[in-house]
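Report on one structure; see the data block that follows.
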Amino acid sequence: MIVAFVLVALNASAGSASPQQTVVIAAKDLQPRIPIGPGDLMTRTLNVPSNYPKVYFSSVGQVAGMVPLVTISTGQLVASNEVAKPNQALGAQAEFLPIPKGYVALTIPTSEQQGVADYIQPDDYISVIATVTSNGKVASKTIFTQLHVIKVGTASTTGNSGASSLTVVVTECEAEVITWFLTYASLKYTLESYQDYAPGAKNPDPKCPSVNDAKGVTIQVIQANYPSLF
């Protein structure tokens, strides 16, 4: 394994006249697909041969925010072939989506007029307006606010120009409701002012703390929760 070889070579050179260099090591076990924070790393100064291949990093700032591709154990040197930048094309998604405990990610369709003319960006917050036609009556109502957008377009999409989908964070119960409205009504999104955003740690919703608490949605459930639409 290249990392083990690197450590052996670096340590073996400690007593030689090779110049000292600073290298980054893991301050704790780093798991694949979980972004690395500055507190997860530390540096160590070692004697490194001047002709040694540069497969290591020299400062914490070079590695923080990157994603491990394999498990990196505590005290192990962080090698450049074992980490990648978020969203870097690797044939598979490099990082976990930022979904809080008790929530899920749901992808909803969008378009220029439905989704604020492509102005919606990752980390924006949107509201959802549903329009329902029932018994000759047409009514619209905001059914959700403060939905956190975590992705625009697909994993391989570069930029958001002309994106056809938004991925938002919701509870499993909310995902069922949105799915019902997507099937039997029409949805439109509004982009909330950044001054109204409420980011930060999101605790599980006591009304639907896990995916196992979703009980399904019927027309009766929708009518009871959104009576002004019917």
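The values are calculated or read from the model by the stated rules, or taken from the named source; none is laboratory data. Quick caveat: nothing in here was measured; it's all calculated off a predicted structure. Glycine gets a Cβ as well: all are built from the backbone with ideal geometry, and neighbour counts include every protein chain shown.
Values computed for the structure shown
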{"read-out": "Flag if Thr171 is more than 18 Å from Lys137 (Cα to Cα), crowded, with 16+ Cβ neighbours inside 10 Å and polar (S, T, N, Q)", "value": "yes"}
{"read-out": "Residue within region 173-192 that is among the small types (Gly, Ala, Ser), in contact with a strand residue (DSSP E or B) (Cβ under 9 Å, 6 or more places away or on another chain) and part of a helix (DSSP H, G or I) present", "value": "yes"}
{"read-out": "Of all residues in region 194-230 being out of contact with any strand residue (DSSP E or B) (no Cβ under 9 Å at 6 or more places or on another chain) and of a type in the set (Ser, Thr, Tyr), the one that is surrounded by the fewest Cβ atoms within 10 Å (Cβ to Cβ)", "value": "Thr218"}
{"read-out": "Qualifying residue in region 33-56 (condition: at pLDDT below 90, of a type in the set (Phe, Trp, Tyr) and part of a loop (DSSP other than H, G, I, E, B))", "value": "yes"}
{"read-out": "Candidate set from region 114-165 (those that are in a loop (DSSP other than H, G, I, E, B) and β-branched (Val, Ile, Thr)); member that is nearest to Tyr197 (Cα to Cα)", "value": "Ile120"}
{"read-out": "Residue among Lys207, Lys202 that alone is of a type in the set (Lys, Arg) and closer than 21 Å to Phe96 by Cα", "value": "Lys202"}
{"read-out": "Which numbered condition Val169 misses (of (1) outside any loop (DSSP other than H, G, I, E, B); (2) in contact with a helix residue (DSSP H, G or I) (Cβ under 8 Å, 6 or more places away or on another chain))", "value": "(2)"}
{"read-out": "Qualifying residue in region 102-113 (condition: out of contact with any strand residue (DSSP E or B) (no Cβ under 9 Å at 6 or more places or on another chain), part of a strand (DSSP E or B), touching a residue at least 24 places away in the same chain (Cβ under 8 Å) and of a type outside the set (Lys, Arg))", "value": "no"}
{"read-out": "Residues of region 72-95 that turn out to be part of a loop (DSSP other than H, G, I, E, B) and either at pLDDT 85 or above or farther than 30 Å from Asp205 by Cα (or both), as a count", "value": "11"}
